[in-house]
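Visitor: Okay, here's the structure, questions in a sec.
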Amino acid sequence: MAEIAYYQDTFVDLDAKVVPIQERAHQFGDGIYEVIRVYDGRPFMLDEHLQRLEMSADAIELDLPYTTEEIKDICLDGLEKSELLEAEIYLQISRGIHARQHFYPDSPCAVFAMTVKQAKIIPEEKRQNGVNVMTLEDERWKNCYIKSLNLLPNVMAKQKAKRNRCEEAIFVEEGKVKEGSSSNLFAVKNGTLYTYPALKGILHGITRRVVLDLAKKLPMSVEEAPFTLDFLKNADEVFITSTSMDIMPVRQVDDTVLESERPYTAKLIEQFHKLM
Ligand code: PDD
């Protein structure tokens with residue numbers, strides 16, 4: 001079993017020094033990415049991730065160097081080579097290698113990169129206890145629906161959260177709670193599930209979509225609408241979602257400790273784990 005990488009058209013060692021200085025991904029953050037979880041050897045929601053990749057590519061006017069089918073084959077090939085069963089596939093497409101200039105290169109030269117790595121397994125105890133989150137002002141740009149490589153504000157927010165012994169930083173804009181630095185956020189109040197609407201201001205999480213669909217089937221009423229920080233702190237249950245964590249209950253928001261009984265979150269986790 002081995003963690004593995006792919007750059008341009010070849011499989012390479014994970015630590016191979018392959019990226020030239022003038023690659024636009026690290027000079028400008030000029031590219032897009034996806035993270036896909038593999039459960040028991042099978043990529044979860046692969047088609048949905050590749051659809052979002054296409055959407056992000058369109059949004060930044062980047063021509064993908066491969067078709068979706070080809071990307072799928074590279075993912076599956078890499079997965080097979082790695083022999084990993086619980087894995088995370090990371091895809092990154094940049095606008096390529098070119099003499100440093102802000103405007104796009106004249107001819108398309110996008111560069112495809114991928115890693116297949118062992119997934120972090122979340123201890124059951126952590127999921128039982130829930131995690132602490134802190135809120136901070138959203139200082140990102142207005143197109144957070146694009147899964148862009150420009151993650152500096154997210155990285156800075158996550159570091160601030162870590163310094164404050166929190167698992168996640170939750171972005172708030174004009175008093176409305178949006179999403180985490182690498183997750184979407186949900187609140188349950190009186191049996192209704194609330195989350196920020198999938199407009200331009202948040203990433204349209206794949207896990208978010210799965211959770212909303214599962215909630216409707218429970219059945220639970222669902223409101224995709226902005227809500228305030230005060231509403232969040234008075235919620236019956238709060239959780240965050242992402243490809244890496246699936247559904248992670250929140251124990252504390254800033255200084256507010258939430259209820260430790262989380263019947264709706266527990267049901268959603270149960271349904272989600274059945275699905276994967
Ligand atoms: N992060 N919001 C943001 C800002 C994210 O970066 C992510 C994912 C999510 C959740 O989306 P999904 O359910 O599709 O993973 C929401 C990934 C995992 C990352 O950057 O590592």
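Visitor: Tell me the label-point distance for the pair Glu80, Asp15, using the 7 Å Cα-to-Cβ offset, in nm and rounded to one decimal.
Guide: According to this spin-label approximation, the distance is 2.8 nm.
Visitor: Could you rank the peptides 178-190, 198-210, 150-162, 101-113 by their average count of other C-beta atoms within 10 Å per residue, with the highest value first?
Guide: Details: 178-190: 22.3, 198-210: 19.5, 150-162: 15.8, 101-113: 13.7.
Highest mean packing first, the order is 178-190, 198-210, 150-162, 101-113.
Visitor: Shape verdict for the stretch 74-180, please, from the Cα gyration tensor: rounded (a/c under 1.5), prolate (a/b greater than b/c) or oblate.
Guide: Since a/c reaches 1.5 but b/c is at least a/b, the shape of the stretch 74-180 is classed as oblate.
Visitor: Let me ask you something else. If you add up the charges near Lys217, with Lys and Arg at +1 and Asp and Glu at -1, over every other residue whose beta carbon is less than 14 angstrom from its beta carbon, what do you get? Don't skip to the end; give the middle numbers.
Guide: Details: positive: Arg209, Lys216, Lys267, Lys274; negative: Asp213, Glu270.
Once all neighbours under 14 Å are counted, the net charge is +2.
Visitor: Here's another thing I want to ask about it. Rounded to the nearest Å, what's the spacing between the alpha carbon centres of the stretch 150-177 and the stretch 47-73? Just the number, please.
Guide: What the calculation gives is 28 Å, centre to centre.
Visitor: How far is the Cα center of the stretch 181-207 from the Cα center of the stretch 250-264, in Å?
Guide: Comparing the Cα centres of the stretch 181-207 and the stretch 250-264, I get a distance of 17 Å.
Visitor: Tell me, what HN-Hα J-couplings in whole Hz come from the Karplus equation 6.51 cos²θ - 1.76 cosθ + 1.60 at θ = phi - 60° for each residue of the stretch 175-188, using x for Gly and Pro?
Guide: Listing the rounded values in order: x, 9, 7, 9, 6, x, 5, 8, 7, 9, 10, 10, 10, 10 Hz.
Visitor: Moving on. Going by a ≥ b ≥ c, the root eigenvalues of the Cα gyration tensor, does the stretch 18-100 fall in the rounded group (a/c under 1.5), the prolate group (a/b larger than b/c) or the oblate group?
Guide: Details: a/c = 2.41, a/b = 1.66, b/c = 1.46.
It comes out prolate by the Cα gyration axes.
Visitor: Select from Gln22, Gln118, Gln252 the residue whose mean-square fluctuation is largest in a Gaussian network model of the chain (Cα-Cα springs shorter than 10 Å).
Guide: The residue that fluctuates most here is Gln22.
Visitor: Could you tell me which of rounded, prolate or oblate describes the stretch 233-276, using a ≥ b ≥ c as the square roots of the eigenvalues of the alpha-carbon gyration tensor, with rounded for a/c under 1.5 and, failing that, prolate when a/b is larger than b/c and oblate otherwise?
Guide: Numbers: a/c = 3.53, a/b = 1.74, b/c = 2.03.
Here the stretch 233-276 falls in the oblate category.
Visitor: Wrap a convex hull around the Cα atoms of the chain, take a quarter of its surface area, and give that in square nanometres.
Guide: The number I arrive at for the chain is 14.6 nm².
Visitor: In the stretch 124-275, what is the volume of the convex hull around the alpha carbon atoms, normalised per residue and reported in Å³?
Guide: Taking only Cα atoms, the stretch 124-275 has a hull volume of 102 Å³ per residue.
Each value in this text was obtained by applying a stated rule to the coordinates, not by laboratory testing. Predicted model, so just to flag it, every value in this text is computed and none were measured. No Cβ is skipped: glycine too gets one built from the backbone with ideal geometry, and neighbour counts run over all protein chains shown.
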